[in-house]
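Novice: Shown below is the structure under consideration.
Quick note: the coordinates plus some simple rules give every number you see, no bench work behind them. Everything numeric in this text was worked out from a predicted model, so none of it was measured. All Cβ positions, even for glycine, are placed from backbone atoms using ideal geometry, and neighbour counts span all protein chains on display.
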Amino acid sequence: MYPKPGEVLHFSEDPTIERFEPREIAGRPGPFVWAVDVRNAPSYWFPRDCPRAMAWTTPATTPIDRERILGPGGGDRVHAIEYSGLVALQAVALFAYRLPARHFRPIGEPEPYAMISPETVDPLGPAEPVGDLLHFHERAGIQVRVLPNLWPFWDAVSTSSLGFSGIRLREAKPRP
């Protein structure tokens, strides 16, 4: 699921939100309403508390790193989760709220990782069920890897020439 032109998305397991109020998030600037654009939407095709590490090609990606991290599986992006997150990924009822993009600005350097608004934002309509998250990954050509532990993968991608992001890593299993 992606936002349409002029929209950003907020993913949630709560389908009853009527208004988004800015809120503080520990370790982040704020208070803000958080959302994502087209480029970052796939990073949120997961249950909220699912630790995940992601990597994708950029113009600076070397052929060696592309082969080492992405491998022969195809595509330009990979999302990794731990085995403990697979059942939740397949079972979660995830919803998307469409929000007007005009209220938001990007945050993050060198590439934005989210859109933020200091204002209260009303959704453009009711929450939409996202559906089968593995199906969305497949249609987008994104590899999904299920690993016993995220840290070896994270260490490889975070020292590579690929773009990368980690979400909820503090909830991953301890380093081996």
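Novice: What residue among GLY74, GLY163, GLY108 shows peak mean-square fluctuation when the chain is described by a Gaussian network model with Cα springs under 10 Å?
Specialist: Result for the chain, Cα springs under 10 Å: GLY108 fluctuates most.
Novice: Follow-up. Taking only Cα atoms and a 10 Å spring cutoff, compute GNM fluctuations for the chain and point out the largest among LEU134, LEU124, LEU86.
Specialist: Answer for the Gaussian network model of the chain: LEU124.
Novice: From the phi angles alone, apply the Karplus equation (6.51, -1.76, 1.60; θ = phi - 60°) to region 154-164 and give each ³J(HN,Hα) in whole Hz, x where the residue is Gly or Pro.
Specialist: Result, rounded to whole Hz: 4, 4, 5, 6, 6, 10, 9, 8, 7, x, 7.
Novice: If you count the DSSP beta bridges with both ends in the chain, what percent of them are antiparallel, to the nearest 5?
Specialist: Working: 26 of 32 bridges.
Roughly 80 percent of the beta bridges in the chain run antiparallel, per DSSP.
Novice: Using modelled backbone amide H atoms (1.01 Å from N, in-plane), which distant-in-sequence or interchain residues come within less than 5 Å of TYR113's amide H?
Specialist: Amide H neighbours of TYR113, under 5 Å, 5+ apart: ILE107, GLY108.
Novice: Amide H to amide H, which residues 5 or more places from VAL8 or on other chains are under 5 Å from it, using H placed in the peptide plane?
Specialist: Long-range HN contacts for VAL8: LEU99, ALA101.
Novice: At most 15 other Cβ atoms within 10 Å and a DSSP loop assignment: could you name the GluC sites (Glu not before Pro) in region 3-60 that fit? Show your work: numbers first, answer last.
Specialist: Working: sites: GLU7, GLU13, GLU18, GLU24; in loops: GLU13, GLU18, GLU24.
Here the GluC sites (Glu not before Pro) that fit, given the DSSP loop and packing criteria, are GLU13, GLU18, GLU24.
Novice: If I stretch the segment between ILE64 and TRP151 completely, what's the gain in nm (0.36 nm per residue apart, minus their alpha carbon distance), one decimal?
Specialist: That pair, ILE64 and TRP151, stretches by 29.3 nm at full extension.
Novice: Specify the residue with the greatest mean-square fluctuation among VAL87, VAL78, VAL144, computed from a Gaussian network of the chain linking alpha-carbon atoms under 10 Å apart.
Specialist: With Cα springs under 10 Å in the chain, the top fluctuation among VAL87, VAL78, VAL144 is at VAL87.
Novice: Near the amide H of SER161, under 5 Å away, which other amide H atoms are found, from residues 5 or more places off or on another chain, if H is placed in the peptide plane?
Specialist: THR62
Novice: Could you give me the ³J(HN,Hα) list for region 62-70, computed from phi with Karplus coefficients 6.51, -1.76, 1.60 and θ = phi - 60°, whole Hz, x at Gly and Pro?
Specialist: These are the phi-based 3J(HN,Hα) values: 7, x, 5, 5, 4, 5, 5, 9, 7 Hz.
Novice: Right, something else. Taking only C-alpha pairs under 8 Å that are 6+ residues apart, what is the relative contact order of region 14-92 in percent?
Specialist: After rounding, I find 27 percent.
Novice: Output wanted: per-residue J couplings in Hz (rounded whole) for region 5-20, from phi through Karplus 6.51 cos²θ - 1.76 cosθ + 1.60, θ = phi - 60°, x for Gly and Pro.
Specialist: In residue order, the calculated couplings are x, x, 10, 10, 10, 10, 9, 7, 8, 9, x, 10, 6, 9, 8, 9 Hz.
Novice: Which is the longest stretch in the chain that no exposed loop site breaks, taking sites as trypsin sites (Lys or Arg not before Pro) with a DSSP loop state and at most 15 other Cβ atoms within 10 Å? Can you show the working numbers first?
Specialist: Numbers: sites that count: ARG19, ARG39, ARG48.
Longest stretch, sites excluded: 49-176.
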